[in-house]
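Note sheet for the following structure.
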């Protein structure tokens, strides 16, 4: 990592990230999942693509047509991008397509509850009292372990299923083959990182 990153992070965090990257665990970006996305688009029907969040006004046709021509994600995004369909919107659509996040599911999840839960990924020891208070006072479930999801209802579990799928897809983009297994949220009992 470069000096700007090193200077912007606490030493422990920087060292953890460096170790993580040295083990081939990152960094990961959308391009690592490009072949998977292009494959999904190529096998999908137009109506399936049209159901993804943010795909409107016939954009599914442009997506399908250019996925056939593109050889990688960067090329695909360049082909599809217009003033009407800026890069940021297309990048979101890539994620929605990878997750098969449909507009009806998205609207349903957010209409009912907004965010269904808070999942704590990392905190410092100083934040432990705040975390305990948050768990008692939050209007949505707050949890630190994936196994705790079974304590909550169908709406929370539906949103969490997308969370787990995102983790599984992220794993496919990791260079280290030993970290590419799916189900990491449960198999490895992923817990938050605790920094002193």
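The values are calculated or read from the model by the stated rules, or taken from the named source; none is laboratory data. These figures come from a predicted structure and were not determined experimentally. Every residue, glycine among them, receives a Cβ derived from its backbone with ideal geometry; neighbour counts consider all protein chains shown.
When you scan the range 116-136, do you find a residue that is within 23 Å of the chain's Cα centre (by Cα), exposed (fewer than 11 other Cβ atoms within 10 Å of the Cβ) and more than 15 Å from residue 159 (Cα to Cα), even just one?
Taking every residue of the range 116-136 in turn, at least one turns out to be within 23 Å of the chain's Cα centre (by Cα), exposed (fewer than 11 other Cβ atoms within 10 Å of the Cβ) and more than 15 Å from residue 159 (Cα to Cα).
Considering only the range 142-166, state which residues are at pLDDT below 90 and closer than 16 Å to residue 32 by Cβ.
none
Quick one: which of 56, 64 is assigned to a loop (DSSP other than H, G, I, E, B), over 27 Å from residue 178 (Cα atoms) and not assigned by TED's automatic domain parsing to the domain that holds residue 175?
So the residue among 56, 64 that is assigned to a loop (DSSP other than H, G, I, E, B), over 27 Å from residue 178 (Cα atoms) and not assigned by TED's automatic domain parsing to the domain that holds residue 175 is 56.
For the range 132-142, which positions are without any contact (Cβ under 8 Å) to a residue 12 or more places away in the chain and part of a helix (DSSP H, G or I)?
Residues satisfying the conditions are 132, 133, 135, 136, 137.
I'd like to check something: does the range 69-81 contain any residue that is in a helix (DSSP H, G or I), in contact (Cβ under 8 Å) with a residue 24 or more places away in the chain, more than 21 Å from the chain's Cα centre (by Cα) and more than 16 Å from residue 30 (Cα to Cα)?
There is no residue in the range 69-81 that is in a helix (DSSP H, G or I), in contact (Cβ under 8 Å) with a residue 24 or more places away in the chain, more than 21 Å from the chain's Cα centre (by Cα) and more than 16 Å from residue 30 (Cα to Cα).
Output the residues belonging to the range 82-111 that are free of Cβ contacts under 8 Å to residues at least 40 places away in the same chain, surrounded by fewer than 13 Cβ atoms within 10 Å (Cβ to Cβ) and assigned to a helix (DSSP H, G or I).
87, 88, 107, 110, 111, listed by residue number.
Can you tell me which residue in the range 145-165 is nearest to residue 108 (Cα to Cα), limited to those that are touching a strand residue (DSSP E or B) at 6+ places or on another chain (Cβ under 9 Å) and part of a helix (DSSP H, G or I)?
160
Only one of (1) in the same structural domain as residue 10 (by TED's automatic domain parsing); (2) more than 17 Å from the chain's Cα centre (by Cα) is not met by residue 94, so which one is it?
All conditions pass for residue 94, except number (2).
Give 75, 11, 60 a once-over and let me know the one that is surrounded by fewer than 18 Cβ atoms within 10 Å (Cβ to Cβ) and modelled with pLDDT of 90 or more.
Of 75, 11, 60, the one residue that is surrounded by fewer than 18 Cβ atoms within 10 Å (Cβ to Cβ) and modelled with pLDDT of 90 or more is 75.
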